[in-house]
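Everything on this sheet refers to the single structure shown next.
The values are calculated or read from the model by the stated rules, or taken from the named source; none is laboratory data. Bear in mind the structure is a predicted one, so any value in this text is a computation, not a measurement. So basically every Cβ, Gly included, is an ideal-geometry build from the backbone, and we count neighbours across all protein chains shown. Note: accessible area is taken over every heavy atom of the protein model, side chains too, but ligands, DNA and RNA are not part of it. Shrake-Rupley method; radii C 1.70, N 1.55, O 1.52, S 1.80 Å.
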Amino acid sequence: GDSVTQMEGPVTLSEEAFLTINCTYTATGYPSLFWYVQYPGEGLQLLLKATKADDKGSNKGFEATYRKETTSFHLEKGSVQVSDSAVYFCALSDYKLSFGAGTTVTVRA
Amino acid sequence: GAGVSQTPSNKVTEKGKYVELRCDPISGHTALYWYRQSLGQGPEFLIYFQGTGAADDSGLPNDRFFAVRPEGSVSTLKIQRTERGDSAVYLCASSLNQGSDTQYFGPGTRLTVL
């Protein structure tokens with residue numbers, strides 16, 4: 001079945017550092033790909049998405065590109081802030097979402 | 001506008017009891033999903049409704065779990081004879097239609113079975 005594998009955490013960074021969270025997927029069709037974020041004490045929120053190969057999703061300074069050839073959807077941000085501390089989930093969807101295990105990111109001032 | 005709401009936010013019950021968890025989707029969203037998130041893991045799919053019917057219930061772990069959506073809006077997830085292993089956060093999401101439409105999540109119900 002469809003599945004997602006994402007980089008294990010936790011990840012600890014200093015403010016203004018570069019962040020990458022790796023995500024690869026296995027799917028029989030051509031799913032849409034998502035990054036969801038869960039801030040402390042809050043619910044899951046959509047961060048960005050891409051619906052077809054070579055699409056780039058972006059939001060709040062985060063970016064991810066749908067790479068069919070490498071079956072990847074890596075999340076990047078050039079300069080993180082303390083407020084980016086959260087758990088990040090990569091997911092794919094045909095209609096139901098299949099999530100990775102989540103990566104906890106802590107940004108220190 | 002109003003997002004997805006779930007009640008109760010927390011539920012503590014004893015092993016063997018029956019519980020009901022409620023989800024109010026975003027108005028006009030025809031697709032509704034239930035997921036379960038255990039500590040330190042990503043959410044796992046339970047069941048998907050398109051309108052009033054359960055289009056995919058393949059994620060329900062066993063026959064103690066059942067969900068309904070009788071009028072195509074509010075949904076209730078029902079768990080009979082609860083077990084300690086059922087303890088988790090139960091998440092509801094809705095989307096305008098099925099397929100690749102973005103799913104919007106509620107805050108979840110934290111179920112603790114003692």
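Please work out which one of (1) open to solvent by 60 Å² or more (accessible area, probe 1.4 Å); (2) within 24 Å of B:Ser94 (Cα to Cα) is the condition A:Gln38 fails and give its number. It is condition (1) that A:Gln38 fails. Only residues that are surrounded by fewer than 17 Cβ atoms within 10 Å (Cβ to Cβ) and more than 19 Å from A:Cys90 (Cα to Cα) were counted across the range B:88-114, and they come to 5. Of the numbered criteria (1) over 20 Å from A:Phe34 (Cβ atoms); (2) at the interface with another protein chain (Cβ under 10 Å from one of its Cβ atoms); (3) open to solvent by less than 60 Å² (accessible area, probe 1.4 Å), the one B:Ser58 fails is (3).
For the range B:41-55, which positions are aliphatic (A, V, I, L, M) and open to solvent by 10 Å² or more (accessible area, probe 1.4 Å)? Lay out the reasoning, then the answer.
Here is the first cut: in the range B:41-55, the ones aliphatic (A, V, I, L, M) are B:46-47, B:54-55.
Result: B:Ala54, B:Ala55.
Out of the residues in the range A:12-32 that are touching a residue at least 60 places away in the same chain (Cβ under 8 Å) and at the interface with chain B (Cβ under 10 Å from one of its Cβ atoms), which is nearest to the chain's Cα centre (by Cα)? Walk me through it before giving the result.
Filtering the range A:12-32 for residues touching a residue at least 60 places away in the same chain (Cβ under 8 Å) gives A:12-19, A:21, A:23, A:25, A:27, A:29, A:31-32.
Checking which are at the interface with chain B (Cβ under 10 Å from one of its Cβ atoms) leaves us with A:31-32.
On the way: A:Pro31: 15, A:Ser32: 13 Å.
Checked the range A:12-32; the qualifying residue nearest to the chain's Cα centre (by Cα) is A:Ser32.
Of A:Ala91, A:Ala86, all but one fail to be open to solvent by less than 50 Å² (accessible area, probe 1.4 Å), more than 12 Å from chain B (Cβ to nearest Cβ) and within 18 Å of B:Gly108 (Cβ to Cβ); the exception is A:Ala86. Within the range A:51-72, not a single residue is in contact with a strand residue (DSSP E or B) (Cβ under 7 Å, 6 or more places away or on another chain), within 11 Å of chain B (Cβ to nearest Cβ) and within 17 Å of B:Glu44 (Cα to Cα). Considering only the range B:71-87, how many residues are open to solvent by 10 Å² or more (accessible area, probe 1.4 Å), in contact with a Ser or Thr (Cβ under 7 Å, 6 or more places away or on another chain) and modelled with pLDDT of 95 or more? Number satisfying all stated conditions: 1.
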